[in-house]
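Novice: Take this structure first; my questions come after.
The values are calculated or read from the model by the stated rules, or taken from the named source; none is laboratory data. Since we're looking at a predicted model, the values are computed, not measured. In this analysis, Cβ positions are derived from the backbone assuming ideal geometry, glycine residues included, and neighbour counts consider all displayed protein chains.
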């Protein structure tokens, strides 16, 4: 089974994926195959991004079609030297060197670099449970680093020009995860808020006296 994905989507989601996390199954991008469609998901537990790649999967004649999911290791994606100008072919093989572990081959069309390695031997969290079905609108506070990573993902995925406004829209949801949009219906994100009890005293209610 092969997937053809715009490399910029993978590059963008890598900004959201965990890095060197003890939860090793988060150190990469999860690929969920349903029919001919693929959904790519990345998270580190504090922020999540998912992108729907419709009709991205291509099956060889006679190849068994089945819904599946696998995690592409971060190291493999970084080794492919992905270019935002290219398309990445992701090939999933069932005859890997390790029993029960499938092999993944990546090739970026722009740099023509081919790399291969085993899928992550782990189970990705049930990410749909994190997506809020509705939002309360209650204002929350967020980690600015996580917002910056979402903005970096949006910039790459949407190919935002230099000095242009980066689309990033938050639907506040109080103590629960806020829903995130980048203005593209194929993307949905979730941003977890800070614990309000820990930051309440730092939230300004009036300017300091010296600024009046």
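Novice: So residue 67 ticks every box in (1) touching a strand residue (DSSP E or B) at 6+ places or on another chain (Cβ under 8 Å); (2) crowded, with 18+ Cβ neighbours inside 10 Å; (3) over 29 Å from residue 194 (Cα atoms) but one. Which box is left unticked?
Specialist: Tallying (1) touching a strand residue (DSSP E or B) at 6+ places or on another chain (Cβ under 8 Å); (2) crowded, with 18+ Cβ neighbours inside 10 Å; (3) over 29 Å from residue 194 (Cα atoms), residue 67 fails exactly one: (2).
Novice: Using the structure shown, decide if residue 207 is touching a helix residue (DSSP H, G or I) at 6+ places or on another chain (Cβ under 8 Å) and modelled with pLDDT under 95.
Specialist: no
Novice: Which residue is nearest to residue 3 (Cα to Cα), if the candidates are limited to the stretch 21-39 and must be buried (at least 22 other Cβ atoms within 10 Å of the Cβ) and touching a helix residue (DSSP H, G or I) at 6+ places or on another chain (Cβ under 6 Å)?
Specialist: Selected residue: 29.
Novice: Give the stretch 22-44 a look and list any residue that's in a loop (DSSP other than H, G, I, E, B) and at pLDDT 95 or above, or say none.
Specialist: Correct list: 22, 23, 27, 44.
Novice: Here's another thing I want to ask about it. I'm checking my understanding of the structure. Among residues of the stretch 108-130 that are in a loop (DSSP other than H, G, I, E, B) and touching a strand residue (DSSP E or B) at 6+ places or on another chain (Cβ under 6 Å), which one is farthest from residue 175 (Cα to Cα)?
Specialist: The extreme case among them is 109.
Novice: Let me ask something additional. Among the candidates 153, 200, 164, 171, which residue alone is surrounded by 12 or more Cβ atoms within 10 Å (Cβ to Cβ) and farther than 24 Å from residue 4 by Cα?
Specialist: Just one listed residue meets the conditions, 171.
Novice: Being free of Cβ contacts under 8 Å to residues at least 60 places away in the same chain and surrounded by 17 or more Cβ atoms within 10 Å (Cβ to Cβ) narrows it down to one of 112, 80, so name that one.
Specialist: 80
Novice: Here's something else I'd like to know. Could you please give the count of residues in the stretch 132-176 that are touching a residue at least 60 places away in the same chain (Cβ under 8 Å) and closer than 15 Å to residue 192 by Cα?
Specialist: Total meeting the criteria: 5.
Every residue, every condition in (1) part of a loop (DSSP other than H, G, I, E, B); (2) outside the structural domain of residue 6 (by TED's automatic domain parsing); (3) surrounded by 10 or more Cβ atoms within 10 Å (Cβ to Cβ), yes or no:
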| residue | (1), (2), (3) |
| --- | --- |
| 100 | yes, no, no |
| 106 | no, no, yes |
| 135 | yes, yes, yes |
| 139 | yes, yes, yes |
| 148 | no, yes, yes |
| 175 | yes, yes, yes |
| 183 | yes, yes, yes |
| 207 | yes, yes, no |
